[in-house]
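Here is the structure we will look at, set down as structure tokens.
Bear in mind these aren't lab numbers, they're just calculated from the coordinates by the rules spelled out. Since the model is a prediction, treat every value here as computed from it, not as a measurement.
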Amino acid sequence: MSAAGGARTPPALSIATVTAEPTPERNPLRPFVGITLGLLLLLLVAGGMKSYSDLRQARQRVAELEQEIGVAKERIETLERFIRRLETDPNILERLAREELGLVEPGDVVIVLPEEPAPEPPAGEPLAP
């Protein structure tokens, strides 16, 4: 012990006194674990890319369907306006009955024109099958 208070100073460390621990023996499965982890990472990346592609296609299909819905809604509105006109305007009903169904009122004169026969092909030309 020293006379200055009894505290001991630690001995100075030198390079010779500090020794490195011996390296542990290398695990023979280490390369296989690394390869396996690499393959798993590759599979995860490939699965993520596939999922992203599927998501993008689904979003595109949703956009197409929304556009079709918009067109269908416009068509519905047009038909509803037409129905309201049919319900309120008797002149349009009469016109449609005459044009579409060929109906006539009593006292109307109906002229029926004969149908024109199909023209005959000129002589010497073969008939089309």
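Tell me, in nm to one decimal, what length is gained between GLN67 and ILE111 on full extension, where the rule is 0.36 nm per residue of separation less the Cα-Cα distance?
11.1 nm
For ILE76 and GLU100 in one chain, what is 0.36 nm times their gap in residues minus the Cα-Cα distance, to one decimal in nm?
Length difference between fully extended and current span is 6.5 nm.
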